[in-house]
1. In what order do A:D81, B:D45 fall by count of nearby beta-carbon atoms within 10 Å, going from fewest to most?
2. Could you calculate the contour length gain from B:E95 to B:K13, that is, 0.36 nm times the residue separation minus the distance between their Cα atoms, to one decimal place in nm?
3. Where the only charges are on Cβ atoms (+1 Lys, Arg; -1 Asp, Glu), what is the dipole of the protein assembly as shown about its Cα centre, to the nearest 20 debye?
4. Report the calculated FRET efficiency for A:A134 and B:Y48 (r = Cβ-Cβ distance, R0 = 51 Å), to the nearest 0.05.
5. Determine the shielding of peptide A:29-39 by partner chains: average, over its residues, the number of Cβ atoms on other chains within 10 angstrom of each Cβ.
6. Given a 10 angstrom Cα cut-off, can you work out which residue in A:Q56, A:Q99, A:Q180 is the most mobile in a GNM of chain A?
7. Using a Förster radius of 30 Å, what is the FRET efficiency between A:S165 and A:R185 based on their Cβ-Cβ separation? Nearest 0.05, please.
8. For chain A, what does the helix formula give at 222 nm: sum of -39500 (n - 2.57) over DSSP H segments with n ≥ 4, over the residue count, nearest 500 deg cm²/dmol?
Amino acid sequence: MIMAKPKPIEEIINEIKGFDKILVAGCNGCVAVCEAGGLKEVEILASALRMYFGNQHKNMQIDEVSLTRQCDKEYLAEIKDRIGSYDAVVSIACGAGVQFMTEMYNTKRIYPGVNTCFIGVTEEKGVWTERCQACGECILARTGGICPIARCSKRILNGPCGGSSNGKCEIDKDVPCGWQLIYERLKELGELKRFEEPVSPKDWATSRDGGPRKLVKEDSQI
Amino acid sequence: MRLNYPVGIRIVKLPCTGRVAVIHLLKALEKGADGVFVAGCMEGDCRYQAGNLRAKKRVAYVRQLLQSIGMEPERVAMYNLSSGEGPRFAEISREMAEKVRQFGPNPVKGKGVRKEKAA
C-alpha cells in the first residue's frame, strides 16, 4: 500500500493561518493503515489545530471528515454539498488523493497534510518498509521475488555492487543489500544459475521516464 | 484512608492505560482541562504485559505535539504506581495540580475555535 507520514504541524499551520473555516479530510485507505491519514489522525490533527488557533485568539472553525478513499470520485462526492462553505481543505490522503480532490473541487484550496513516501508493507506495528517503485515492468520472477529496483539503493539490475558488505548496503548499516537478499533467495531456490546470465538494460519508459502514466482496461469501462 | 487530593481532578477509569489513545489526551485539553495525567501500573507489572508502556509512548507523542503548537508539554504526564498506593496517588495529584497551577489556566479554555460535524 501507499505509505505516508504526517507533515510537521507547523507547516500545516503556516498554510492555513489566513483562513477562517477549514475542513480536515482523511482517507480510510492506505494512509489509515500506516497511521498517517485515517479517521484517528484526522481527529488528532484537527484537535491540535483547534487548540493552536484557540491559543492564538483566532476565531476559526476546523471540521473533520474521513472518506472511504480520496482516489475515487464517488467517495469525494460525499462532501460536495458542504465543501463550498470551507475556505480550504487540509487533505491527509496520499498525493493522489490530494490532487484528485483538487481536480474535483477546483475552486477550493486543498493543502496536503502528509508527505507521501512509498509503496510498501507493514513489517510490524509501527514499522513500514518499501517494496515497490511501480516501475511498470515487473521483474520479480527473475529475482526470486525480491525487487532490485525497490530494494537496491542503486536500482542496479546486475548486483551486488562493491558497496555491499556483510549483507548490508553502504548507504546505511541497517539497510539490507537488496542483491544479497536476491542471492540468498536464489540459492535457496537452487537458481543461482541466473547470475550467469546478465540482465539486459531495463526499458524505463514504463516507469517515470515515460512521463505520467495511464492505465485503461477497456472491458471495465462503461 | 480518607486521603485528600485536589477537588478539581476528574478521574476517568479505564481497565488498562493501554486503552489511552492520543485523541483522549488531546480532547481533555481541548475541552478545557488544565492538565492530564495518566496513572498506569508500575512498568513490568502490566496485567496485559505492555499497556502502560504503550500509554507512555502516547503521552510522549502528545507532549511533543503540544510543544509544536505552543503549549506547555508538561500539561500532560505519565505516572506509574500500583493500585495499592493510595497515598502516592494523592501525592501525584497534588504534584500535578501544583505544576499545572504554575502554568496558569489552559489557554484554549473557552476560546472561539469551533467544530461542526462535516460528514
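Nothing in this text is a laboratory measurement; each read-out follows from the coordinates by a stated rule. Quick caveat: nothing in here was measured; it's all calculated off a predicted structure. No Cβ is skipped: glycine too gets one built from the backbone with ideal geometry, and neighbour counts run over all protein chains shown.
1. On the way: A:D81 9, B:D45 12.
So the residues, fewest neighbours to most, are A:D81, B:D45.
2. Working: separation 82, 0.36 × 82 = 29.52 nm, distance 1.99 nm.
Extra length available between B:E95 and B:K13 comes to 27.5 nm.
3. Numbers: 52 positive and 42 negative charges, 182 e Å.
Here the size comes out at about 880 debye.
4. Working: r = 40 Å, r/R0 = 0.78.
The calculated FRET efficiency here is 0.80.
5. Numbers: counts 0, 0, 0, 0, 0, 0, 0, 0, 0, 0, 1.
For peptide A:29-39, the averaged partner shielding equals 0.
6. Checking each option, the largest mean-square fluctuation is seen for A:Q56.
7. On the way: r = 19 Å, r/R0 = 0.63.
Step by step, r from the Cβ atoms, then E = 0.95.
8. The helix-only estimate for chain A comes to -7500 deg cm²/dmol at 222 nm.
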